[in-house]
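Notes to accompany the following structure.
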C-alpha cells in the first residue's frame, strides 16, 4: 500500500521553509528572495547606483537607488520557485524561500448537489419592432368635386414706408496724373536722388488715401560701367525734405558701349494726411556725365481711397 502526504501538509512545509540565504553576483548582493503573503519579495544592494535590474522572462524591472538599494514587491510567483535577475554585468539565479513548486493537478471532484431554485429574474427588454407589412392595394380615385366660385379681388394694400439710406460707397480713384520727359543727372552725382523729369503736387486729406506710382526710363552708358538708381520720391511741402525709402527704388548697371538699358518701378505710398506732397520719379547716378538719357522717361500717378 502506498501512502501520500496530504497537500495541506506539503504547503505548510513549504511555507515554513527558511528564506534563501543572501546571494551575490551580476553586480548584486541579494538579501531577501522569497514569497511573502503570496507576493514575490526580492531586495538587496547593487554595486552601482542607478543599475537597471530585470527579472528574466518578465517585463518587471527597477533601478538601484543612489545608495545602491533595490527592491521588488510583486504579485508574481514563479511556478518552479526559481528566479533569475539580469543586469549589465550578468545574470544571477536565485531559489525563492517560502515557496514550493506547483504540484500536479488533482482529480476532478464529485459533482455537488443541485442548489435551490433561484428567484425569477426581471422581465427582459422589449424586442425590436417587426418588419412592416406589405403595402396594400391602391384604392379607386374618388369623383371630382364641383369647382368653387371665384372670389372677389382684394383691395390694394397701403404703400410701405421709405427705407433708410444706405451707406456711402467707396470713393475709389480721386485723380490721376502723368509725368513725361527726358531725365537729367546734373547735380545728382554720387547717388543723390532728385526729381527728374518732374513731379506732381498731391494733397493728402484722409488716412485712407493712397498714391499709386509707376515709372520707367531707358538710357545707355557713354563709357565705362556706371550705376543708376531709379525710383519714386516724395517731399512734404511743409518741410521740403526729399524722401526715397529703399522699397521705393531699383538699381541697375549701365555698361560700356551698351545698348539701351531700362529700369522700372511701381509702388503704393501711404502718406500722413493733412498736408500736400510733391511726388514723382527720381534718379541718382554714380557719376555725372556718364549716362546718355537718349529716351524719355514716363511716370503715372494715381490717388485713390481704400475701403
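The values are calculated or read from the model by the stated rules, or taken from the named source; none is laboratory data. Note that the coordinates shown come from a computational prediction; the quantities given were computed from them, not determined experimentally. In this analysis, Cβ positions are derived from the backbone assuming ideal geometry, glycine residues included, and neighbour counts consider all displayed protein chains.
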Open item on the list: So, in segment 35-49, exactly how many residues are in a strand (DSSP E or B) and either within 13 Å of residue 87 (Cα to Cα) or within 51 Å of the chain's Cα centre (by Cα) (or both)?
Closed with: 8
Task: One residue from 301, 271 being surrounded by 17 or more Cβ atoms within 10 Å (Cβ to Cβ), assigned by TED's automatic domain parsing to the domain that holds residue 188 and not in a strand (DSSP E or B) - done: 271
Open item on the list: Taking the conditions exactly as written (surrounded by 10 or more Cβ atoms within 10 Å (Cβ to Cβ), in contact (Cβ under 8 Å) with a residue 12 or more places away in the chain and over 52 Å from the mean Cα position of the chain (by Cα)), does residue 181 satisfy them or not?
Closed with: yes
Task: One residue from 250, 244, 165 being loosely packed, with under 12 Cβ neighbours inside 10 Å and without any contact (Cβ under 8 Å) to a residue 60 or more places away in the chain - done: 165
Open item on the list: For the structure I just gave you, tell me whether residue 261 is loosely packed, with under 14 Cβ neighbours inside 10 Å and assigned by TED's automatic domain parsing to the domain that holds residue 236.
Closed with: no
Open item on the list: Looking at 210, 188, 235, 220 in this structure, which one is touching a strand residue (DSSP E or B) at 6+ places or on another chain (Cβ under 7 Å), within 18 Å of residue 302 (Cβ to Cβ) and surrounded by 14 or more Cβ atoms within 10 Å (Cβ to Cβ)?
Closed with: 210
Task: Residues (under 46 Å from the mean Cα position of the chain (by Cα) and either surrounded by 15 or more Cβ atoms within 10 Å (Cβ to Cβ) or within 16 Å of residue 37 (Cα to Cα) (or both)) located in segment 86-104 - done: 86, 87
Task: Failed condition for residue 289, given (1) part of a strand (DSSP E or B); (2) out of contact with any helix residue (DSSP H, G or I) (no Cβ under 9 Å at 6 or more places or on another chain) - done: (1)
Open item on the list: Looking at 65, 31, 79, can you tell me which residue is exposed (fewer than 15 other Cβ atoms within 10 Å of the Cβ) and either assigned to a strand (DSSP E or B) or at pLDDT 95 or above (or both)?
Closed with: 65
TODO: Could you pull out the residue among 247, 257, 238, 295 that is on the phi > 0 side of the Ramachandran plot, at pLDDT below 95 and outside any strand (DSSP E or B)?
DONE: 257
Open item on the list: So for segment 165-177 (the condition being in a loop (DSSP other than H, G, I, E, B), more than 25 Å from residue 302 (Cβ to Cβ), modelled with pLDDT of 90 or more and not assigned by TED's automatic domain parsing to the domain that holds residue 218), does at least one residue qualify?
Closed with: no
